Structures are given as C-alpha cells and as structure tokens.
Amino acid sequence: MKQKMVIKVEIRSDKCRTKAMTVVASVVGVVSVGLQGEKKDELVLVGDGVDPANLTRCLRKRVGHAYIVKLEEVK
C-alpha cells in the first residue's frame, strides 16, 4: 500500500534541509521525496511500507523537531 506523507521539519539552514532529505531518502520503501510550503519546511514523500512514526522519530534524532501533518493512501 503506497502512502503519501507530509512531515513538517524545523529547518534552520540549507544544511538542515539537505540532511532531512538525505535521512528520508535513505529509508527503505521511499519512492519519492520533495519539499513544499512557503519556507520549504515540509517534506512530501511517497513510500510503500514506510512507518511514518518511525520515520518522524528518526528525523527528530538527526535533524530536529518534526511532526506528521498529513497521511493519505495513494491509489
């Protein structure tokens, strides 16, 4: 089951943004990663079999404050 997730991350610099993208892209099952939002602080990803809670926990450990904004199934 493919899921589309939007995760808001506290991004202080371009380095933080790059690190967050790298963390998300390295997770097994992630198909695509993108940025959205006025400040480019929301990660939009599509994945198959990705645990959103575990992914958010990883982002909190490595980047900073992060939380799930939206979670929906992609058909």
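The values are calculated or read from the model by the stated rules, or taken from the named source; none is laboratory data. What you are looking at is a predicted structure, and each value in this text was computed from that prediction instead of being measured. Don't worry about glycine lacking a Cβ; one is built from the backbone with ideal geometry, like all the others, and counts go over all protein chains shown. Areas reflect the complete protein model, heavy atoms only, side chains present, ligands, DNA and RNA absent. Shrake-Rupley method; radii C 1.70, N 1.55, O 1.52, S 1.80 Å.
Before moving on, here are some points about what is shown:
- Residue list for region 56-67, filter: assigned to a helix (DSSP H, G or I) and either closer than 13 Å to LEU43 by Cα or among the hydroxyl-bearing types (Ser, Thr, Tyr) (or both): THR56, LEU59
- Single residue of LYS15, LYS70, LYS75 found to be of a type in the set (Lys, Arg), loosely packed, with under 14 Cβ neighbours inside 10 Å and assigned to a loop (DSSP other than H, G, I, E, B): LYS75
- Among the residues of region 53-65, those identified as within 11 Å of ILE7 (Cβ to Cβ) and surrounded by 13 or more Cβ atoms within 10 Å (Cβ to Cβ) are LEU55, THR56, CYS58, LEU59, ARG60, VAL63.
- Scanning region 18-52 for residues that are open to solvent by less than 90 Å² (accessible area, probe 1.4 Å) and either without any contact (Cβ under 8 Å) to a residue 12 or more places away in the chain or in a loop (DSSP other than H, G, I, E, B) (or both) yields THR18, THR22, ALA25, SER26, VAL27, GLY29, GLY34, GLY37, ASP41, GLY49, VAL50, ASP51.
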